Every structure is written in structure tokens, then in C-alpha cells.
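Bear in mind that the values in this text are calculations on the coordinates, not laboratory data. Computed from a predicted model, the values in this text were never measured in an experiment. Cβ placement follows ideal geometry from the backbone for every residue including glycine, while neighbour counts extend to all protein chains displayed.
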């Protein structure tokens, strides 16, 4: 075992480490560099693409396979292993480094394989202590990149780490796990309540489209192709590549991260410039369009109206635009139907592909949609939203409690790494 080098606290600059309050640690603790307290086994990593993994595991029973890990967790299986034992895996790229409450490092145990998106670390004292610490620190000074942050090995080695004696590390880990266990129990109950709300919403939508939500409901079943013009994105040679993406620009280029089960989400966005936009043919949104994801995650839906702040928006190749042919349909009615169990059953029955599920446009055209009168559409939407409003209020309270639990989790780690927990 190599000698652990001690770093004087006053030598750690704010550019290296932004948690200034952690300078106040017990006198018998020391600051060290991450590269000095663990072995780095990145040379053991071997990336294998998904197609090759699928080929290798085809026809083999699960008990003969081994977990294949990436930046934030297991991403599949493979038919062999590279390492055996307990290790800490820390994301190299693709990990949520700047999101305080999300996992950047995790423990693995047993026989496994690691790709090149995670660093492999073996603590010289306590893996669990190291893992908790790596999920607490501020990574701003150490990561590079914009849309996809990267923690290279050189920067990782320089991360300042607190180094209590091994006996204290064990006690700290035991106390963290005791407190986290109680916290996890409460979080599990809250998540169960959220799932019950999701099921309630689905039951409301099921009632809405089987005639049980309002009295005397009458409708005509039509095919999607008779109600909508289906427009896919440009999939030709000018389709944008990664180097065409910009943090800001003329045209918002949607990804499946932006079209979620309940509408748009714009916390991660990419743009293309006007020149690239004009090189593409179809796929530009108009106000009033409905967007449906049709590859990978199939069935997410969003509505493009004046509430969306982006004026020029394009879909990617994993989506379709549903543009109404006539104006006698309420967009909200259509969106609620697309979110309903009835529509999702049609998807499950007709979806193609296994590793990459797809819903081709020519199949979607044959889906049915119930069309009542405008008056009944309005009434159905009102009844849905009345019930959803009650569920939304309850879900908001649950989300606030979940957020408080994550704040408490960080507070526990803060106390632990200031020497105030045990």
C-alpha cells in the first residue's frame, strides 16, 4: 500500500474545493487527494456495444450472465466478468455531476464488467465511506464540457478528500446507514402514494373513454389517419449530427428528454442554427400540433401552443407530429385520449422491435379514436381536469416531502463529513 500523502488544509484553494465550511474538521482528520486514498483500476475497463452484448448473451440463461455497469448504474448484462469483489464506480461522463441529490458514485459487489463511462475505484480504507463522500462533494471545479460533462482521471485524482481513521470511517458509515434506512422507509411510502395517484389518473382516463365519466356519452370511432395528418421529421442526409448541436440557437431540436408522459420538459435543450434548419425538410412544428414519441420510449405526448416559449421547433427522428385536419376536435381531449389505457393498449398490441421499440406511422394511422360532439368533449375534459386537480394537489404535497427528505439526506452527509455525526 502506498503512503497516503497529507495535504495541508490551507493549501486547498477555493478553485479546487467549494465546500468551504468543510475546512473545519476534527484535528486528527486530514485532507488528502482522492488519487492517494484509492487504487484506480480504469485499465480494467472494456466497452462493449449493445449489439455485441446482445449477440454474446443470446440464448444464455440469466444465471450465467454478469452485470454490465456504466456511468450511473447497471446498463445490461454480458457473458463474462472483468472484476470480482467490492468496488466504487464513479461516473466519468454522463453522470449528473452538478445535480446535488443524484448519484454520481455507487458500490458494486461480486463479479461484473464495467464500460469506459465509469472510473473503477478501490478504497484503501472503506469503500462505503468513500462512496458516500463522492456523492456529497461539489464537482464544479473538476468536470469539463457543456452538454455532456466529463470527469477525467487527472482531475479526479486531485479531488480533496477527508481522511478520518479507519475505525471512525466505519462508525460514520454505520450511522449514515442507520439514518438513511429510516429515511428510505419514509421515501418508499411516499413513492408508493405517488404510484397510487398515477393509477388513479389512469382509472379516470379509462372511465372517460369508455362512457362512464359522463352521462349519455355518444361518439363516432374514427381512424387516426382520418383525424390527423401524420408528419415525421427529416431523416435524410442533412439530419443533425452531434457537432451541429448548440446550447442556444435559431431552432430548438427536440429530444425524447423534452417530450414526457405529461407534456414538454425543457430542463435540457439543444438547438441547431438557421442554416441547418433550412437544410431540413419536414418536421417543423406549428401551433396546435400534438407531438408523439414513436421510438425508444413510445407514447409520450405534448401539445405545442402559445405557452411554449420557443418559436422555431423541430422534432427528431423518434417522434411524429399529429396535425389536426379539422378544427372540431379539442386538443386536450385528444391528448388525454393518447394518455389513456385504451390508446396504450393499441400501442402494446402493435408496437414493433425489442431492443428499440417503435411505432411506425403506417401502423399508427390505423389506430382508432373516439370522437364525441364538441359539447361532450368539453364536458369530458372538464370532468377529467376536476379529478386531476385534486390528484395534482396531493402529488405536490408528496413531492415537497420527497424534496425535504433529500435535503435531510444531504444534511446527514454534511454532519458526517464535518465530524459531527458520531
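Can you tell me the 0 to 90 degree angle between the C-alpha axis of helix 166-208 and the longest principal axis of the chain, rounded to 10?
So the helix axis and the longest Cα principal axis differ by about 0 degrees.
As a test of the definition: which semi-axes, in Å, follow for the range 30-164 when you take the square root of five times each eigenvalue of its alpha carbon gyration tensor? Largest first, please. Intermediate results must be reported in sequence, preceding the final value.
Details: eigenvalues 149, 56, 27 Å².
After diagonalising the Cα gyration tensor, the semi-axes are 27, 17, 12 Å.
May I ask you to sort 286, 373 by Cβ crowding, counting other Cβ atoms within 10 Å and putting the fewest first?
Taking fewest neighbouring Cβ atoms as first place, the list is 286, 373.
Pick out which of 215, 42, 311 has the largest mean-square fluctuation in a Gaussian network model of the chain, springs linking Cα atoms closer than 10 Å.
215
In the Gaussian network model of the chain, springs joining C-alpha atoms below 10 Å, which of 331, 164, 237 carries the largest mean-square fluctuation?
237
Looking at the chain, I'd like the Rg to Rh ratio, where Rg is from alpha-carbon atoms and Rh is Kirkwood's inverse mean 1/r.
1.03
Taking the Cα atoms only, what angle lies between the long axis of helix 341-350 and the longest principal axis of the chain, rounded to 10 degrees?
Roughly 80 degrees, rounded to the nearest 10.
As a footprinting exposure proxy, order 324, 156 by other Cβ within 10 Å, with the fewest listed first. It would help to have the intermediate numbers written out before the result.
On the way: 324 16, 156 22.
If I rank by nearby Cβ atoms, fewest first, I get 324, 156.
Using only Cα atoms, tell me the angle between helix 374-416 and the longest principal axis of the chain; keep it within 0 to 90° and round to the nearest 10.
0
Taking 7 Å along the Cα-to-C-beta vector as the label spot, tell me the residue 420-residue 177 distance in nanometres, rounded to one decimal.
For the pair residue 420/residue 177, the computed spacing is 2.5 nm.
What ranking do 306, 273 get, fewest neighbouring Cβ atoms within 10 angstrom at the top? Intermediate results must be reported in sequence, preceding the final value.
Numbers: 306 7, 273 15.
In increasing order of surrounding Cβ atoms, one gets 306, 273.
Of the candidates 383, 99, 63, which one comes out as most mobile in a Gaussian network treatment of the chain with C-alpha springs shorter than 10 Å?
63
If each Cα of the range 219-370 is one equal point scatterer, what is log10 of I(q)/I(0) from the Debye formula at q = 0.09, 0.13 Å⁻¹?
Evaluating at q = 0.09, 0.13 Å⁻¹ gives log10 I(q)/I(0) of -0.27, -0.58.
Divide by every residue of the chain the summed helix terms, -39500 (n - 2.57) for each DSSP H run of at least 4, and state the resulting mean residue ellipticity at 222 nm, rounded to the nearest 500 deg cm²/dmol.
Counting only the DSSP helices, I get -10500 deg cm²/dmol.
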